[in-house]
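The values are calculated or read from the model by the stated rules, or taken from the named source; none is laboratory data. Computed from a predicted structure; not experimentally measured. Because the Cβ atoms are built from the backbone with ideal geometry, glycine has one as well, and the counts that use them run over all protein chains shown. With ligands, DNA and RNA removed, areas are computed over all heavy atoms of the protein, side chains included. Shrake-Rupley method; radii C 1.70, N 1.55, O 1.52, S 1.80 Å.
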Amino acid sequence: MEKLKIEIAGHLFSLQTDFPSGNDFLKARYSEFLADENTGISGEGKNIFSLKVAMDKEAGTAKNLKLIRKFNDEAPYLWLYENTGGMLFFGFSNNPHESSCILSTEEPCSRNASLAVFGEYDENKILFCINNSLMLLYATNTADKATLLIHASAITYKGQSVVFLGKSGTGKSTHASLWIKNIKDCEMLNDDNPVIIDMDGKLYVSGSPWSGKSTCYKNRKYPLKAIVRLKQADRNKITRMDKMEAYCSLLSSCSYIRWNRTITDGIHSTVSSVISGSESFELECRPDKEAAMLCFKTTMRHDK
């Protein structure tokens, strides 16, 4: 069984597989995040979790599970199952009718997890299942480590980062691309799932190997300059959010399991720290250059 060691925002975890054709397709996606045994925030190479992946052609892993709920109105779908002992299992799919896999954990924050991918060997399906499983495990196992995996777009400008929040379809990617097109020295850091981490009171935004439809997989981190919530409008106007608005906006963008007390407490604590230590704005905007320049001038040149 081949083992990959992966580091994201200073947190280490391992991925083990026994695929007949090896892990080349996984290494291509995670290449910038592959690590050795002596890296990580602790410097001791300790895993926050490990995931073992295997194929299950007959989908036998799911046969004795009861479906509790299917989440999301569109793909990707998250499935929640329960066995006779009350243990929870998770599934992921692009298909609204059935899950493509089962993720087994002893508890949401378990350090040891296993993933059964259903059907014949298919690298695209395997990658989809692994990515979603790792995102869930990463978010839950870093919740008490001053770390937030968020649904957002993040750009960098001269060594600092700005994060754009908003519901799906709001235009986060569009606004980020307008910065890159019109502002020299601006680059995309991550276009779907960046990480915010509080390191001894200093806030950073890190890239991740999960960047939606883009291929922006950068293992870099930059100081957080500002958080901007986008809102579609027929005008361009930016205003500072008060702390409560900013708190609710960032919290709603976090990936975490809301019914677990330990995870929820950790997320709330980190969100509070991030909002206290950064500036937050709401940008009512059109998808044009003027909106990007207004946001840029406000976030990058504004004095507290």
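Once the Cα-Cα distance is subtracted from the 0.36 nm per residue extended length, the MET87 to SER273 segment shows a gain of 63.7 nm. Amide H contacts for LYS52 (H built 1.01 Å from N in the peptide plane; partners 5 or more residues away or on another chain; cut-off under 5 Å): GLN16, ALA113, SER114, LEU115. Annotation: extensible slack from LYS46 through ASP288 equals 82.5 nm (criterion: 0.36 nm per residue apart, minus Cα-Cα distance). Near LYS289, which lysines are there with a Cα under 24 Å away, not counting those fewer than 8 places off in the same chain? Within reach: LYS158, LYS167, LYS172, LYS181, LYS184, LYS213, LYS225, LYS231, LYS237, LYS297. Between the residues ALA54, HIS97, LEU165, the greatest Cα displacement towards the positive end of the dipole of the chain, with unit charges on the Cβ of Lys, Arg, Asp and Glu, is found for LEU165. The fraction of all Cα pairs in the range 27-147 landing in successive 10 Å bins from 0 to the largest distance is 12, 42, 33, 12, 1, given as whole percents. For the range 91-165, the Cβ-based charge dipole about the Cα centre amounts to some 440 debye (Lys, Arg positive; Asp, Glu negative; other atoms uncharged). Rg over Rh for the range 68-227 works out to 1.01, both radii taken from alpha-carbon positions and Rh defined as the Kirkwood radius. Pair-distance distribution of the range 86-176: all C-alpha pairs, bin width 5 Å, starting at 0; shares per bin in whole percent are 2, 12, 17, 15, 18, 16, 11, 6, 2, 0, 0. Taking Cα centre as origin and charging only the Cβ of basic (Lys, Arg, +1) and acidic (Asp, Glu, -1) residues, the dipole magnitude of the range 1-117 rounds to 220 debye. Pairwise inverse Cα distances across the range 163-304, averaged and inverted, put the Kirkwood hydrodynamic radius at 15.7 Å. Calculated translational diffusion coefficient of the chain (37 °C, 0.692 mPa s; Stokes-Einstein with Kirkwood radius over alpha-carbon pairs) equals 163 µm²/s. The stretch between GLN232 and THR262 holds 7.3 nm of extra length on full extension. This uses 0.36 nm per residue minus the Cα-Cα distance.
Cα centroids of the range 162-184 and the range 63-136: 31 Å apart. Using a simple spin-label model with pseudo-atoms 7 Å out from Cα toward Cβ, ARG29 and THR215 lie 1.4 nm apart. Rolling a 1.4 Å probe across the protein heavy atoms gives the chain an accessible surface of 47 Å² per residue. Close amide-amide hydrogen proximity is noted between PHE281 and ILE227, VAL228, ARG229, MET241, each under 5 Å apart and 5 or more residues distant or on a separate chain (H modeled in the peptide plane; Pro and chain starts excluded).
Put simply, the amide H of ASP192, placed in the peptide plane, has neighbours under 5 Å in ALA152, ALA154, leaving out anything fewer than 5 places away on its chain. For the pair HIS97 and ARG301, a Förster radius of 41 Å applied to the C-beta separation gives a FRET efficiency near 0.20, rounded to the nearest 0.05.
Kindly state, to the nearest 0.05, the FRET efficiency for LYS63 paired with ASP185, given R0 = 41 Å and r defined as their beta-carbon distance. Don't skip to the end; give the middle numbers.
Details: r = 55 Å, r/R0 = 1.34.
About 0.15, to the nearest 0.05.
Relative contact order for the chain: 15 percent, from Cα pairs under 8 Å spaced at least 6 residues apart, divided by residue count.
Charge dipole (Cα centre; +1 on Lys/Arg Cβ, -1 on Asp/Glu Cβ; no other charges) of the chain amounts to roughly 920 debye. Seen from a random direction on average, the alpha-carbon convex hull of the range 147-245 projects onto 6.9 square nanometres.
Using the Kyte-Doolittle scale, find the helices of the chain whose mean hydropathy is at least 0.0 and whose Cα atoms extend 24 Å or more along the helix's long axis, counting only whole DSSP H runs. Could the numbers behind the result be given before it?
On the way: long enough: 123-141 (26 Å, 0.47).
Answer set is 123-141.
The range 1-38 and the range 240-265 have Cα centres lying 30 Å from one another.
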